[in-house]
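Here is the structure we will look at, set down as structure tokens.
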Amino acid sequence: MTSSLFTYSKPKVLQALRYHFISRKEIKIMIILVNVFAIFSAIMYYTHRVSPIAFLLSSGLWFILMISFWWALPAIIYRRAATFKDRFKVSFDPQHMFLENDRGSRSWPWASFSTFTESPYFFHLYFDRRSFFLIPKDAFGEQVGDARKLLKEKIKNKA
């Protein structure tokens, strides 16, 4: 059984939340569409087919979208989630993942997780497309490779 204590680092959590948002298929499609729209409006402005206001509005839409997904949404989620302010102990065994803090404990069978991904600082364990739990890689120290191997073995990517 692998067992580790960890707390969350705000800058690292914000980066992991950005990774989560940007990796979602629907967000990627929306970003692509807004970028195409912005390029199209720039071409239309350059060829004098639209007014400067239309170009400015499309540019504003692009900035708002980027600010939303890069700064606003991660900051809002971090601020609202008490989870990121707790200290946890995570344990892995062949059948379950255990998580405990000062207020209690919880375990999940490996089958509860639909998939997992890895970002620079975290393992993202997904219950479904939108619900996930972040486990810092640095909680495992030099055993991060063992943790990665166990997660790959236990969480069969169904997504």
Residue check: is Tyr78 of a type outside the set (A, V, I, L, M), out of contact with any Phe, Trp or Tyr (no Cβ under 8 Å at 6 or more places or on another chain), modelled with pLDDT of 95 or more and surrounded by 11 or more Cβ atoms within 10 Å (Cβ to Cβ)? no
Could you grab me the full set of residues in segment 107-122 that are assigned to a strand (DSSP E or B) and either free of Cβ contacts under 8 Å to residues at least 40 places away in the same chain or under 21 Å from Gln95 (Cα atoms) (or both)? Ser107, Trp108, Pro109, Thr115, Phe116, Thr117, Glu118
Conditions first: (1) farther than 29 Å from Arg148 by Cβ; (2) in contact with a strand residue (DSSP E or B) (Cβ under 8 Å, 6 or more places away or on another chain). Val50 passes all but one, so which condition is the exception? (2)
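Here's the yes/no breakdown for (1) assigned to a helix (DSSP H, G or I); (2) farther than 28 Å from Lys28 by Cβ:
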position	(1), (2)
Ser58	yes, no
Trp62	yes, no
Leu99	no, yes
His124	no, no
Phe133	no, no
Gly145	yes, yes
Leu151	yes, no
Asn157	no, no
Name, by its number, the condition in (1) part of a helix (DSSP H, G or I); (2) in contact with a His (Cβ under 9 Å, 6 or more places away or on another chain) that does not hold for Ile43. (2)
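The values are calculated or read from the model by the stated rules, or taken from the named source; none is laboratory data. Remember, predicted model here, so these are calculated numbers, not experimental data. Heads up, the Cβs are rebuilt from the backbone with ideal geometry, glycines too, and the neighbour counts pull from every protein chain shown.
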